[in-house]
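Novice: I have a structure here, written as C-alpha cells, and I will follow up with some questions on it.
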Amino acid sequence: GAGVSQSPRYKVAKRGQDVALRCDPISGHVSLFWYQQALGQGPEFLTYFQNEAQLDKSGLPSDRFFAERPEGSVSTLKIQRTQQEDSAVYLCASSPRTSGGQNIQYFGAGTRLSVL
Amino acid sequence: AQKVTQAQTEISVVEKEDVTLDCVYETRDTTYYLFWYKQPPSGELVFLIRRNSFDEQNEISGRYSWNFQKSTSSFNFTITASQVVDSAVYFCALSEASDLGRKLVFGAGTILRVKS
C-alpha cells in the first residue's frame with residue numbers, strides 16, 4: 001500500500017481480555033517500530049524489528065505485551081489480560097533501511113485502545 | 001539519557017501570524033538526529049524535517065523554517081503566515097546514532113490552534 005496501515009482503528013476491550021493489533025508497513029520497508037501514545041503525551045517506544053528479528057523490546061511495559069513479525073512484513077502487537085492503564089493509541093511506523101538514525105519513520109494512523 | 005522538552009503545551013494564534021514552536025533536547029551522543037512531526041486530528045504522524053547533529057544550517061521550506069543551535073541544544077520550528085490548516089499537534093523527536101533500534105524519543109508535543 002501507499003502508507004502504513006493499522007487495524008482496527010478503534011478497539012474496546014473489557015479488562016482482562018486479550019487484544020491483537022495489526023500493522024501493515026510500507027512495502028519493502030525493513031524496519032518496523034511500535035509506539036504507545038497516552039492521551040496528551042508524545043509517543044513512547046515499545047519495540048523494534050529488523051525484518052523478522054525483534055532487535056529491541058526494551059520499551060514493552062510488561063510481559064503482557066508481545067509483538068511479532070514472522071515473515072518480515074506484517075506485524076502484530078498482542079496485549080494479554082488488558083488493564084485500564086493499557087488504554088492508549090498504539091502507533092506503528094516503518095522505515096526503509098536497516099541502520100542509520102537518519103532514517104525517516106513513516107507512521108500509521110494508529111489503533112485507539114480503550115480498556116473498560 | 002536522551003530527553004526532549006517542548007515547554008509550550010498549547011499555542012493559539014490568529015491566521016497570518018508567525019508562530020515559533022520551541023524544542024530543547026538532551027543527549028550524550030555526539031551524533032544524533034532531530035525530527036519534527038505533525039499530528040493532525042486524523043492521528044497519523046506526518047514527517048516534516050530531519051536534521052543531523054553535524055549540520056547546523058538553518059532550513060526553510062515554504063512557510064516553514066527550522067533553527068538548529070547546538071550551543072543551546074535547541075531545534076525550534078517557525079511557521080510564517082500561519083493558516084487554519086496548520087492547526088495540529090507538533091512533536092519534536094530525537095534519535096541517537098548509538099541506539100541499536102534508532103528509536104525516536106518524542107517531546108510531549110505542542111498543540112497549535114490557528115483561528116481564522
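Novice: Of everything in the stretch B:98-116, what is open to solvent by 30 Å² or more (accessible area, probe 1.4 Å) and outside any strand (DSSP E or B)? Give them in sequence order.
Specialist: B:Ser98, B:Leu100, B:Arg102, B:Lys103, B:Ala108, B:Ser116
Novice: Here's another thing I want to ask about it. Of these, A:Arg9, A:Arg64, A:Arg22, A:Arg15, which one is without any contact (Cβ under 8 Å) to a residue 40 or more places away in the chain and among the basic types (Lys, Arg)?
Specialist: Criteria check complete, one pass: A:Arg64.
Novice: Can you pull out the strands (runs of 3 or more DSSP E) entirely within the stretch A:20-106 that have at least 3 residues that are at pLDDT 95 or above and within 12 Å of the chain's Cα centre (by Cα)?
Specialist: Strands (runs of 3 or more DSSP E) meeting the threshold: A:31-37, A:44-50, A:65-68, A:75-79, A:88-95.
The values are calculated or read from the model by the stated rules, or taken from the named source; none is laboratory data. Everything quoted here is computed from the prediction, not taken from an experiment. Cβ atoms come from the backbone with ideal geometry, glycine included; neighbour counts cover every protein chain shown. Please note that ligands, DNA and RNA were not included when accessible areas were found on the heavy atoms of the full protein model with its side chains. Shrake-Rupley method; radii C 1.70, N 1.55, O 1.52, S 1.80 Å.
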